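A.B. asks: Got a structure here, written out as structure tokens. Questions coming.
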Amino acid sequence: MKNKLFTLFLLILLATGRAQTVYVPAGHWVYEYLSRLEAERLLPVVLNNTRPMTRREIAGYLEAVYPLRQHLNRVQQEQLEFLLGEFREELPQQYAEQQRVAGQPLRDKKLFSHLPALLYANNRNLLSLQNGPLRFYWDPVFSRGRLFAGADTLVGQERIFNDTNGFVIWGTLGGRIGFYTDVRDTKEWGTRTYGPPWNLNTTMPGLGFVQTSGSHLYHDETRAYVVYNQDFFTIQYGKDENQWGPGVRGQLALSDYATSYDFLKWQAAGSRFKYTGLWAVLQNYNPDFFYGWHKEKYLAAHRLEFAPFNFFEIGLHETILYSGRKLEPAYLNPVMFFRSAEHYLGDRDNATMGLDIELKLVPQTILYGELFIDDLSTGKLGKNFYGNKYAWLVGAYYVDVLNLANLDFRLEYARVQPYTYSHVHELNTYQHYYSCLGHWLGPNADELYMEFAWRYSRQLKLTAAWQSRRHGANYDDINIGGSMFQPHRVQDPETVAFLEGIRESTRAATLQVDYELLRALYLKLYYGRFWSDTDWLPGAHWPGGRSEFQVQMNLNY
């Protein structure tokens with residue numbers, strides 16, 4: 001009887017259909033494409049503030065916009081044709097048959113015409129296999145980056161070289177199971193000094209495991225997971241990243257600034273709502289992490305994103321960081337308020353909550369905002385009380401500026417109050433390794449960001465941006481909430497003004513060109529000019545200037 005039930009279970013899992021899916025990395029340009037269509041009102045609702053999204057979700061939006069393709073401009077039609085081929089496994093057969101992707105059939109090019117039949121057989125992946133219920137795809141990953149910089153504080157030119165090698169495997173098994181593995185090894189070297197001359201295991205902001213050896217730095221990153229999908233319900237288990245919120249420069253609750261982490265995630269989605277639950281294992285870094293001191297902590301989170309009207313979308317989320325025990329049943333309850341559960345469990349964990357909204361009241365425009373609450377005493381609002389730890393973000397996205405097709409403008413401002421993301425118990429700090437799980441700015445900081453982006457064709461995009469960042473850093477002997485790793489102590493001031501402390505200011509003007517030479521092979525040219533000031537004492541500051549030029553070649557990166 002058990003064998004029969006197990007066989008029936010396997011047959012259900014391997015049932016054929018369009019349900020198979022994996023997640024699309026949050027950096028893929030398809031998210032920008034869908035946001036643009038939403039701003040133009042060609043897609044009335046796109047629930048893309050909970051990322052990454054599954055291939056099936058994205059294919060659903062492509063299917064919805066296909067009948068409206070006559071309203072797309074030339075570049076958008078090129079993009080749509082390309083994406084119909086990219087997501088053909090998740091689309092009905094008639095869409096896959098009708099698409100002819102400009103520049104995609106690699107085997108039609110002389111450079112690839114003499115390749116063995118096994119390579120690029122589907123004109124998309126280097127290796128592909130379909131055998132019964134199994135679909136399997138393999139692609140190499142590489143990146144070569146060269147950065148050259150000059151600065152007031154440098155004697156000579158700074159040179160930084162980055163080489164990344166790896167591969168991506170993804171596929172599906174039957175109609176319900178998907179799998180994905182992305183492996184990357186990176187070496188960095190140049191004129192910088194990376195720690196002592198001997199091998200040292202450490203970490204750095206935005207990274208996990210890092211090994212330095214004087215003149216070199218090595219780090220690796222692997223994202224790997226399996227997915228089970230049943231109609232509107234999806235379960236993901238493995239190591240990956242999450243982005244929650246509408247911000248483009250960063251998200252306040254969960255961002256992809258930190259390295260990936262192991263988690264179990266479940267999602268239920270419809271055309272106007274998406275519920276996400278998450279339970280994750282995080283690594284809490286300190287200098288002895290790789291040498292005997294190792295403690296894990298856990299993240300529980302849930303988020304509801306829904307659109308009651310075409311012009312209004314809202315997201316609500318809660319997160320809990322806890323340590324000292326593994327599974328906590330109260331935090332796995334999908335309809336439980338985490339703040340209430342934390343009180344029930346003794347008020348010993350780090351609970352946060354927040355909301356984000358999108359408004360589409362102005363033609364060709366999306367207005368968005370996000371509020372993140374770490375701790376709040378409403379009676380002390382406006383009094384610079386250190387315990388009011390919160391962050392907020394607002395932005396506007398405007399497409400076809402001055403009626404110029406594919407010229408877009410974005411304005412975004414983010415502000416993080418002092419002590420936000422910190423916690424009195426070190427293990428419950430809002431971090432993974434040495435990086436903030438939320439916005440990369442960290443506490444007691446803000447940023448204003450402006451961007452013009454013009455897409456001349458599907459392959460060519462030009463971006464010009466201006467950014468201004470400010471940060472109030474801690475003094476050596478006074479903690480004013482400028483670091484998430486230093487919580488408030490008894491001897492610290494009860495009140496602290498925003499940006500109090502050592503004022504660090506940076507302004508930057510950047511230009512970037514992205515061009516797709518061949519399918520998934522990109523050339524990136526980048527130039528940046530930076531101006532910085534540090535006010536150590538009133539009337540005494542350290543100005544500085546820096547110029548950077550970078551050339552980068554990426555394949556499936």
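Here, each number is a calculation from the coordinates, and none is a lab measurement. From a predicted model like this one, the values you see are computed outputs, not experimental measurements. Every residue, glycine as well, gets a Cβ built from its backbone with ideal geometry; the counts of neighbours run over all protein chains shown.
A.B. asks: Which Cα, out of L381, A307, G171, lies furthest along the positive dipole direction of region 2-555 (beta carbon charges, K/R +1, D/E -1)?
C.D. replies: Highest projection toward the positive end goes to G171.
A.B. asks: Mind jotting down the distance between the C-alpha centroids of region 326-351 and region 300-325, whole Å?
C.D. replies: Measuring centre to centre over Cα atoms gives 15 Å.
A.B. asks: Return the FRET efficiency for the residue pair L316, A121: r is the Cβ-Cβ distance, R0 is 41 Å, and the value is rounded to the nearest 0.05.
C.D. replies: On the way: r = 46 Å, r/R0 = 1.11.
About 0.35, to the nearest 0.05.
A.B. asks: Shifting gears a bit: Along the Cα→Cβ direction, 7 angstrom out, place labels at D152 and Y218. What is the inter-label distance in nm?
C.D. replies: For D152 paired with Y218, the spin-label model returns 3.9 nm.
A.B. asks: Length gain on complete extension for the stretch L332 to D533, per 0.36 nm per residue less the alpha carbon to alpha carbon distance? Can you show the working numbers first?
C.D. replies: Working: separation 201, 0.36 × 201 = 72.36 nm, distance 4.64 nm.
So the extension gain works out to 67.7 nm.
A.B. asks: Determine the distance separating the Cα centre of region 26-51 from the Cα centre of region 451-475; give it in Å without decimals.
C.D. replies: 19 Å
A.B. asks: Can you tell me the relative contact order of region 226-284? Whole percent, Cα pairs under 8 Å, sequence separation 6 or more.
C.D. replies: On the way: 93 pairs, mean separation 17.5, N = 59.
Reported as a whole number, the value is 30 percent.
A.B. asks: To the nearest 20 Debye, how big is the dipole of the chain about its Cα centre, given +1 on the beta carbon of each Lys and Arg and -1 on that of each Asp and Glu? Can you show the working numbers first?
C.D. replies: On the way: 55 positive and 58 negative charges, 309 e Å.
The dipole magnitude comes to about 1480 debye.
A.B. asks: Multiply the residue separation of V362 and L42 by 0.36 nm, subtract the distance between their alpha-carbon atoms, and state the gained length in nm to one decimal.
C.D. replies: Numbers: separation 320, 0.36 × 320 = 115.20 nm, distance 1.43 nm.
Extra length available between V362 and L42 comes to 113.8 nm.
A.B. asks: Also, I was wondering about something else. Write down the radius of gyration of region 2-555 and its Dmax, each obtained from C-alpha positions, in Å.
C.D. replies: 24.3, 80
A.B. asks: Provide the per-residue ³J(HN,Hα) series for region 330-340, in order, calculated from phi with Karplus coefficients 6.51, -1.76, 1.60 and θ = phi - 60°, each as a whole number of Hz, with x at glycine and proline positions.
C.D. replies: 4, 8, 9, 6, x, 10, 8, 7, 4, 4, 5
A.B. asks: Using the Karplus curve 6.51 cos²θ - 1.76 cosθ + 1.60 with θ = phi - 60°, what ³J(HN,Hα) values do you get for each residue of region 217-234, in whole Hz, with x for Gly and Pro?
C.D. replies: Coupling constants for region 217-234: 9, 10, 8, 10, 8, 10, 10, 8, 7, 10, 10, 10, 10, 9, 6, 8, 10, 9 Hz.
A.B. asks: Right, here's the next one. What percent does the relative contact order of region 114-196 come to when contacts are Cα pairs within less than 8 Å and at least six residues apart?
C.D. replies: Working: 151 pairs, mean separation 19.7, N = 83.
This gives 24 percent for region 114-196.
A.B. asks: Please give, to one decimal in nm, the separation of the simple spin-label points placed at D477 and L411, each 7 Å out from Cα toward the Cβ.
C.D. replies: 4.4 nm
A.B. asks: Ok, one more. For the residue pair L521 and Q93, what label-to-label distance in nm results when each label sits 7 Å from Cα along the Cα-to-beta-carbon direction?
C.D. replies: Going by the 7 Å Cα→Cβ label model, 3.4 nm.
A.B. asks: Where nothing but the Cβ of Lys and Arg (+1) and of Asp and Glu (-1) is charged, how large is the charge dipole of region 152-291 around its Cα centre, in debye to the nearest 20? Could you put the intermediate results ahead of the total?
C.D. replies: Working: 11 positive and 14 negative charges, 90 e Å.
Roughly 440 debye for region 152-291.
A.B. asks: How do 404-416, 516-528 rank on mean C-beta neighbours within 10 Å, highest first?
C.D. replies: The densest-packed peptide leads the list: 404-416, 516-528.
A.B. asks: Same structure, new question: Which ³J(HN,Hα) values, rounded to whole Hz and listed in residue order, are derived for region 446-457 from phi using the Karplus coefficients 6.51, -1.76 and 1.60 in 6.51 cos²θ - 1.76 cosθ + 1.60 with θ = phi - 60°, glycine and proline given as x?
C.D. replies: 8, 8, 10, 10, 10, 8, 10, 10, 10, 9, 6, 8
A.B. asks: If you don't mind, another one. Which FRET efficiency value, to the nearest 0.05, do you get for T378 and V226 by plugging their Cβ-Cβ distance into 1/(1 + (r/R0)^6) with R0 = 51 Å? Show your work: numbers first, answer last.
C.D. replies: Numbers: r = 44 Å, r/R0 = 0.87.
The calculated FRET efficiency here is 0.70.
A.B. asks: Measure up K265/K295; K239/K326; K239/K265; K274/K389; K295/K326; K326/K389 against 19 Å on the Cα-Cα distance and list the ones that go over. Walk me through the intermediate numbers first.
C.D. replies: Details: K265/K295 22 Å; K239/K326 17 Å; K239/K265 10 Å; K274/K389 28 Å; K295/K326 12 Å; K326/K389 27 Å.
Where the Cα-Cα span goes over 19 Å, the pairs concerned are K265/K295; K274/K389; K326/K389.
A.B. asks: Given the DSSP H assignment, sum -39500 (n - 2.57) over each helix run of at least 4 residues in the chain and divide by its residue total; what's the result at 222 nm in deg cm²/dmol, nearest 500? Let's see the in-between values first.
C.D. replies: Values: 7 runs with 63 residues, N = 557.
My calculation for the chain gives -3000 deg cm²/dmol from helical runs alone.
A.B. asks: Just going by the charge dipole of the chain, with Lys and Arg at +1 and Asp and Glu at -1 on Cβ, which of N286, G544, Q130 is farthest out on the positive end?
C.D. replies: Sorting the options by dipole projection puts first Q130.
A.B. asks: When only C-alpha pairs under 8 Å and at least 6 residues apart count, what is the relative contact order of region 2-555, in percent? List each step's numbers first, then the result.
C.D. replies: Working: 1377 pairs, mean separation 62.3, N = 554.
The normalised contact order for region 2-555 reaches 11 percent.
A.B. asks: Starting from the Cα-Cα distance between R74 and Y344, subtract it from 0.36 nm times their residue separation and give me the gain in nm to one decimal.
C.D. replies: Values: separation 270, 0.36 × 270 = 97.20 nm, distance 5.76 nm.
Full extension of this stretch gives 91.4 nm more.
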